[in-house]
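Student: Questions regarding the structure given below will be posed in turn.
The values are calculated or read from the model by the stated rules, or taken from the named source; none is laboratory data. The model shown is predicted, which means the values in this text are computed figures rather than measured ones. We place every Cβ from the backbone using ideal geometry, glycine too, and count neighbours over all the protein chains shown.
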Amino acid sequence: MVAPSEYVYLDHAATTPLCEQARVAMEPLLASGERARPPSFGNPSGSHALARIATRALDEARERVAAVLGCAPGEVVFTSGGTEADNLAVTGGMPPRPGVPVCGATEHPAVLEPVRALDGVEVAVDAAGRVLPDALAGTLERLGGGTGRRASVVSVMCANNELGTINDLDALAAVVHEHAPGVPLHSDAVQAAPWLDLSVAARAADLVSVSAHKLGGPKGVGALVVRAGSMLSALIHGGGQERGRRGGTPDLAGIVGFAAALEATASQRCSQAARVAALRDELAAELELLEAVSPTVGTTGAAVLPGHLHLLVEGVSAEELLLLLEQRGVCASAGSSCASGAAAGSHVVEAIGVTGRDRAPLRISLGATTTRREIRAAADALRWALARLAERGGSPVLEART
């Protein structure tokens, strides 16, 4: 087996390494004893001197996050991550908003599962996994047309976590305003945040979810942007923190690390996006020379996040493929990291019409730390994996396309 230090990590859509800026920002808040000057372990909900130090750190982090996301500081609600932010947005808190939630069929489980739990409605997507304005308009018209049910929220992700394809939130917001006036539009922007300027890409959404660990921040921290005028109750009650919208003592070190990582990502976004997209395209061109490998239908020609490459590999199972890639030190995935197992069936792939157990979905996701050496190693590993499967009696065609 390959030593952990030699792994080629191409699963940045699942999580990213902690960036240096976040680590440095968090250290003073994690230190104790003589190293903590001034002491930073206070609870921001308190009223004494140490609590006030913590409160200042929390307020500063909130201002920094708001500046990047294009909202007011008071519109930022810190959460334990993207999943909690999505659940809060979809439900509207506890008890849930009146009506039924509406979402795209390719949403992350953090949106899809609460929508289903509330007997909500799913909108069909196109071959690229996107919600189109006409499809959303038709769903909202049918929902309000004598069914006795009304939409409580419309949730459409900014970019898909498996395919990387990007939704047009401005166009979808116009549909919501026309066919369901007063209903909030939520966007899960967790996957988009490292690559897109959310102050522009998600400006039409009333509620926006982000997560720190997808962009170089720590795990267990995220935020929900709740724009002024959006009605939202607490999902987690107790304590009245976050202006009564999320109870519980905040993870101050994590929040400060989140703010630092978000700022670092924003400052490098343009250059990193261009660099990573070039590496992604280089890898795609090399892999698509293999007869068994093809880009997922619908993603070709669509707007896709720079770090995403979604492929279909003929004649193999996802489980076999991923295990062989790992033997060569390559970490990739078959779908969402939140599915129950790396090779679990993907609702996203099913929603875009890709069927058949002999077509393995392969999600390769690049990030800020990805290098050209890793890209070459990944291409070599996939060739080796397909050759091994062919030797075992599998059926992938290994000849290069001409």
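Student: Looking only at residues that are closer than 12 Å to Leu362 by Cα and within 15 Å of the chain's Cα centre (by Cα) in region 325-337, which one is surrounded by the fewest Cβ atoms within 10 Å (Cβ to Cβ)?
Tutor: Ser336
Student: Assigned to a loop (DSSP other than H, G, I, E, B), of a type in the set (Gly, Ala, Ser) and within 25 Å of Thr299 (Cα to Cα): is that true of Ala127 in this structure?
Tutor: Spelling it out, Ala127 is indeed assigned to a loop (DSSP other than H, G, I, E, B), of a type in the set (Gly, Ala, Ser) and within 25 Å of Thr299 (Cα to Cα).
Student: Please work out which residue is surrounded by the fewest Cβ atoms within 10 Å (Cβ to Cβ), limiting yourself to region 351-382 and to residues that are within 22 Å of His213 (Cβ to Cβ) and hydroxyl-bearing (Ser, Thr, Tyr).
Tutor: Of everything passing the filter in region 351-382, Thr371 is surrounded by the fewest Cβ atoms within 10 Å (Cβ to Cβ).
Student: To continue, here is another question. Among the residues in region 195-217, are any under 15 Å from the mean Cα position of the chain (by Cα), surrounded by fewer than 19 Cβ atoms within 10 Å (Cβ to Cβ) and not polar (S, T, N, Q)?
Tutor: yes
Student: Show the residue pairs meeting these rules: Cβ distance below 7 Å; 6+ apart or different chains; first residue within region 290-313 and at pLDDT 90 or above and of a type in the set (S, T, N, Q); second residue surrounded by fewer than 22 Cβ atoms within 10 Å (Cβ to Cβ) and part of a strand (DSSP E or B).
Tutor: Ser294/Leu312
Student: Identify all residues within region 318-344 that are farther than 21 Å from Val8 by Cβ and either at pLDDT 90 or above or in contact with a helix residue (DSSP H, G or I) (Cβ under 9 Å, 6 or more places away or on another chain) (or both); write none if there are none.
Tutor: Across region 318-344, the qualifying residues are Cys338, Ala339, Gly341, Ala344.
Student: Can you pull out every residue in region 284-324 that is over 25 Å from Ala351 (Cβ atoms) and crowded, with 19+ Cβ neighbours inside 10 Å?
Tutor: Leu290, Leu324 - these are the residues of region 284-324 that are over 25 Å from Ala351 (Cβ atoms) and crowded, with 19+ Cβ neighbours inside 10 Å.
Student: Follow-up. Among the numbered criteria (1) assigned to a strand (DSSP E or B); (2) more than 24 Å from Gly144 (Cβ to Cβ), which one does Gly217 miss?
Tutor: Here Gly217 meets the rest and fails (1).
Student: With Val225, Val256 as the choices, which residue is β-branched (Val, Ile, Thr), part of a strand (DSSP E or B) and crowded, with 19+ Cβ neighbours inside 10 Å?
Tutor: Val225
Student: Sticking with this one: Would you mind stating whether Val102 is more than 28 Å from Gly217 (Cβ to Cβ), in a strand (DSSP E or B) and assigned by TED's automatic domain parsing to the domain that holds Ala205?
Tutor: yes
Student: Of all residues in region 96-111, which are in contact with a strand residue (DSSP E or B) (Cβ under 8 Å, 6 or more places away or on another chain) and surrounded by fewer than 23 Cβ atoms within 10 Å (Cβ to Cβ)?
Tutor: Pro96, Arg97, Pro98, Gly99, Val100, Ala105
Student: Could you list, in sequence order, the residues of region 131-165 that are part of a strand (DSSP E or B), surrounded by fewer than 23 Cβ atoms within 10 Å (Cβ to Cβ) and in contact with a Leu (Cβ under 7 Å, 6 or more places away or on another chain)?
Tutor: Across region 131-165, the qualifying residue is only Ala151.
Student: Could you list, in sequence order, all residues of region 80-122 that are over 15 Å from the mean Cα position of the chain (by Cα), within 22 Å of Arg203 (Cα to Cα) and not small (Gly, Ala, Ser)?
Tutor: Leu88, Val90, Thr91, Pro101, Val102, Cys103
Student: Looking at region 320-337, I want the residues that are closer than 20 Å to Glu107 by Cα and have a partner that is small (Gly, Ala, Ser) and assigned to a helix (DSSP H, G or I) with Cβ atoms under 7 Å, at least 6 apart or on another chain. Which pairs are those?
Tutor: Every condition considered, the pairs that remain are Ala334/Ala318.
Student: In region 262-289, what residues are in contact (Cβ under 8 Å) with a residue 24 or more places away in the chain and small (Gly, Ala, Ser)?
Tutor: Within region 262-289, Ala264, Ala266, Ala273, Ala274, Ala277, Ala284 meet the criteria.
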